[in-house]
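Okay, so here's the structure we're looking at.
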Amino acid sequence: MSNIGSYEEKVKNFSWSTVETELGYTPGDVINIGWYCSDRICAMGKAGKTALLWENAQGEKKQYSYNDVRLYSNTVGAYLRSLGIHDGERVCLFMDRVPELYIGLLGILKIGAIAQPLFSAFGEDSLWVRLENAGTRAIITQRKHVSKVRKILDRLPELQYIIIVDHDGKRELKEKETAFFMEDEKVETLEIFPTLAETPSIIHYTSGTTGQPKGVKHVHYSLISQYLTAKWVLDLQENDIYWCTADPGWVTGTSYGIIAPWALGVTQCVLDSGFSAEAWYSFIERYKVTVWYSAPTAIRSLMKAGEEPVRRFDLSSLRHLVSVGEPLNPEAVVWSERVYGLPFHDSYWQTETGSIMISNYPGMKIKPGSMGKPFPGITGVVLNTQTYEPITEPGVIGLIAFRPGWPAMMRTYWNNEATYRNKFRNGWYLPGDRARLDADGYFWFVGRDDDVINTGGHLVSPFEVESALLEHYAVAESAVVAKPDEINMEVVKAFVALKPDYEPSAELELDIMNFIRKRLSPLAMPQEIEYVENLPKTRSGKIMRRLLHAKEWGEEIGDTSTLESD
Ligand code: PRX
């Protein structure tokens, strides 16, 4: 029997206050995610239960009970406090998927500070923009990433501590650096900061079409949504071994890779290693994974690896599969049902929504290619693009919209209230995606309503890549668009006009690619560079990305009446 039981029944009788009661929370009380994910589970008699099974690429293994998570998150909290860090200050987590990242997040939240997880593959420019915007006071990182922090340190006056979790003593600590070993001490008691429902908990950075990345501010009350969605969509149950393949540098990796499973007292496992079909299947076999939350790009890669590796491993422990981050193509659903004996259930949400908004629920009929239906308690519609009124006829494309008010909804963009306000029309929150509804109320994703590139489930801002390209010595102008890709759905493509003294060459192309990889990240690196003499512009001088995008996707170019050269 699934946790949700009947979807229709849950929609009819829904109330968030039932979740509050289940979690022993009364409005106005202290609600602290760090405490809920560790101390509370121990107090429920599960101190000895395994919270985390961890393994890295070298085969090194670690295991932590809920009591370990409680004690070590206390250790992190106490250490940060000893440095003078207090509630409301931003503490960045900049690490690979090491245990310190998962447990550290709880430690930060326990002292009322705000956690700022950032993808450890970010280069110095991506890192700087986000640390500067958040006014981050401390960064917790690993030796291998310190050099990136050092390069930008003098441009970050508010950053006071660089906390290194694996310092080996071989190299001297430099200015502002300090060594910290989470497992040196088990701190039995830590005074939990009395965070309330609206106290900020996490800032996640996400990319838009224009401007710098936006810091999405979440609050401790988001726990209510994350707990229930994980219970009903991921169907997490007492004896599950759960594997979320997302990195906590992105929202899925925190909402459903740290908070939700631990608030439910479930055992989860983490693989700190790159992708290969064999490595993943062998991990599932070794840990007897039962619930698997992954992404379409990974599923497409597994499809590409074929059925032969599937047969070499025992995957019989799997019982429920869920996907998020990009459109899940119907073939992937059909393939997984045939090959694993279980279909992937698509789920749709975003950094700003904080928790799953639309999904295919256990027990509900899956229509391959559809995202499913809104989560109980969520009013989701498709709006007319001009009037912002809900579209009632099935099959008509419009903007996805939600009535605000669910617990995990972002509270604002950090230092950017104007952009936040602009996400609402007629009282609806607009995530910036287009979809259509069918006659049964299922949502079918159509595309984004902006130029943001979704590569393998990660959003990349064309603006950020274009700005970085301009810093390259040979680049005069550029336009960045999405290019179709079989595995990643979209990859970054850059059109580049060179400065007068430079000639196009393959060498220069590589140099530009590497420049972006180092400055921003491997995800933002253009997979292709096309040299052009000039870029298409409007009469007012704005580069027409739309035109280049349409060319890449073989689409109609549409209205070009404002083009410079027409
Ligand atoms: O465009 C939608 C796409 O990813 C965006 C959100 O990205 P991000 O904030 O990075 O969060 C990713 C993980 C929650 C959405 O606005 N997206 C997400 N899930 C789906 C999707 N597109 C199609 N189908 C999905 N299931």
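The values are calculated or read from the model by the stated rules, or taken from the named source; none is laboratory data. In this text, all values refer to a predicted model and were calculated from it rather than measured experimentally. All Cβ positions, glycine included, derive from the backbone under ideal geometry; neighbour counts span all protein chains shown. Areas reflect the complete protein model, heavy atoms only, side chains present, ligands, DNA and RNA absent. Shrake-Rupley method; radii C 1.70, N 1.55, O 1.52, S 1.80 Å.
Remarks
- Hey, I366 surrounded by 15 or more Cβ atoms within 10 Å (Cβ to Cβ), within 16 Å of the ligand (Cβ to nearest atom), of a type outside the set (K, R) and part of a strand (DSSP E or B) or not: no
- In the stretch 242-255, the residues that are in contact (Cβ under 8 Å) with a residue 12 or more places away in the chain form no Cβ pair under 6 Å with any partner that is within 11 Å of the ligand (Cβ to nearest atom) and among the basic types (K, R), whether six or more places apart or across chains.
- For the residues V396, V446, the requirement of being open to solvent by 50 Å² or more (accessible area, probe 1.4 Å) and not assigned by TED's automatic domain parsing to the domain that holds A197 singles out V446.
- Segments classed as helices (runs of 4 or more DSSP H), wholly inside the stretch 186-300, with at least 2 members that are more than 16 Å from the ligand (Cβ to nearest atom), charged (D, E, K, R) and surrounded by fewer than 21 Cβ atoms within 10 Å (Cβ to Cβ): 277-287
- The residue that is farthest from G123 (Cα to Cα), counting only those in the stretch 424-435 that are within 13 Å of the ligand (Cβ to nearest atom) and over 19 Å from the mean Cα position of the chain (by Cα), is A435.
- Residues in the stretch 175-185 that are without any contact (Cβ under 8 Å) to a residue 60 or more places away in the chain and either surrounded by fewer than 17 Cβ atoms within 10 Å (Cβ to Cβ) or polar (S, T, N, Q) (or both): E175, K176, A179, F181.
- Candidates A418, A401, A439, filtered to the one that is among the small types (G, A, S) and within 16 Å of the ligand (Cβ to nearest atom): A401
- Pairs linking a residue in the stretch 23-35 that is free of Cβ contacts under 8 Å to residues at least 60 places away in the same chain to a residue that is open to solvent by 10 Å² or more (accessible area, probe 1.4 Å) and part of a helix (DSSP H, G or I), with Cβ atoms under 8 Å and 6 or more positions apart or on different chains, are G24/R40; T26/E20.
- When T455, T412 are screened for being within 14 Å of the ligand (Cβ to nearest atom) and among the polar types (S, T, N, Q), only T455 passes.
- Residue in the stretch 500-512 that is among the aromatic types (F, W, Y) and in a loop (DSSP other than H, G, I, E, B) present: yes
- Note on the stretch 416-440: residues that are farther than 14 Å from P374 by Cβ and either at pLDDT below 95 or aromatic (F, W, Y) (or both) total 2.
- Flag for P374 being within 15 Å of the ligand (Cβ to nearest atom), at pLDDT 95 or above, surrounded by fewer than 15 Cβ atoms within 10 Å (Cβ to Cβ) and over 19 Å from the mean Cα position of the chain (by Cα): no
- For the criterion of being among the charged types (D, E, K, R), out of contact with any helix residue (DSSP H, G or I) (no Cβ under 9 Å at 6 or more places or on another chain) and open to solvent by 30 Å² or more (accessible area, probe 1.4 Å), E552 passes.
- Per-region count, the stretch 324-359, residues of a type in the set (G, A, S), over 12 Å from the mean Cα position of the chain (by Cα) and at negative phi: 4
- So L315, is it open to solvent by less than 30 Å² (accessible area, probe 1.4 Å), of a type outside the set (F, W, Y), in contact (Cβ under 8 Å) with a residue 24 or more places away in the chain and more than 10 Å from the ligand (Cβ to nearest atom): yes
- Checking each residue in the stretch 175-213 for being at pLDDT below 95 and more than 14 Å from L131 (Cβ to Cβ) picks out E175, S207, G208, T209, T210, G211.
- Unmet criterion (only one of (1) on the phi < 0 side of the Ramachandran plot; (2) away from the ligand (no atom under 12 Å from the Cβ); (3) assigned to a loop (DSSP other than H, G, I, E, B)) for E466: (3)
- For the stretch 337-354, taking the residues that are within 21 Å of Y256 (Cα to Cα) and of a type in the set (G, A, S), the one that is surrounded by the most Cβ atoms within 10 Å (Cβ to Cβ) is identified as G354.
- So F495, is it within 11 Å of the ligand (Cβ to nearest atom), crowded, with 19+ Cβ neighbours inside 10 Å and modelled with pLDDT of 95 or more: no
- In the stretch 458-484, the residues that are closer than 16 Å to I543 by Cα and of a type outside the set (A, V, I, L, M, F, W, C) form Cβ pairs under 6 Å with partners that are more than 16 Å from the ligand (Cβ to nearest atom) and in a strand (DSSP E or B), at six or more places apart or across chains, as follows: P462/V480; E466/S478; E466/V480; E477/A497; S478/A494; S478/V496.
Condition check ((1) in contact with an Asp or Glu (Cβ under 8 Å, 6 or more places away or on another chain); (2) farther than 14 Å from L470 by Cα) across all residues:
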{"site": "F495", "(1), (2)": "yes, no"}
{"site": "L498", "(1), (2)": "no, no"}
{"site": "D501", "(1), (2)": "no, yes"}
{"site": "L510", "(1), (2)": "no, yes"}
{"site": "M513", "(1), (2)": "no, no"}
{"site": "P522", "(1), (2)": "no, yes"}
{"site": "E533", "(1), (2)": "no, yes"}
{"site": "K537", "(1), (2)": "yes, yes"}
{"site": "S540", "(1), (2)": "no, yes"}
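- Evaluation of T387 against the conditions (1) in contact (Cβ under 8 Å) with a residue 60 or more places away in the chain; (2) away from the ligand (no atom under 15 Å from the Cβ); (3) of a type outside the set (D, E, K, R) shows that the sole unmet condition is (1).
- Test: residue in the stretch 344-352 that is more than 10 Å from the ligand (Cβ to nearest atom), among the hydroxyl-bearing types (S, T, Y), in contact (Cβ under 8 Å) with a residue 12 or more places away in the chain and under 20 Å from V289 (Cβ atoms): no
- Of the strands (runs of 3 or more DSSP E) that lie entirely inside the stretch 421-460, those containing 2 or more residues that are farther than 24 Å from K493 by Cα span 433-437, 443-448.
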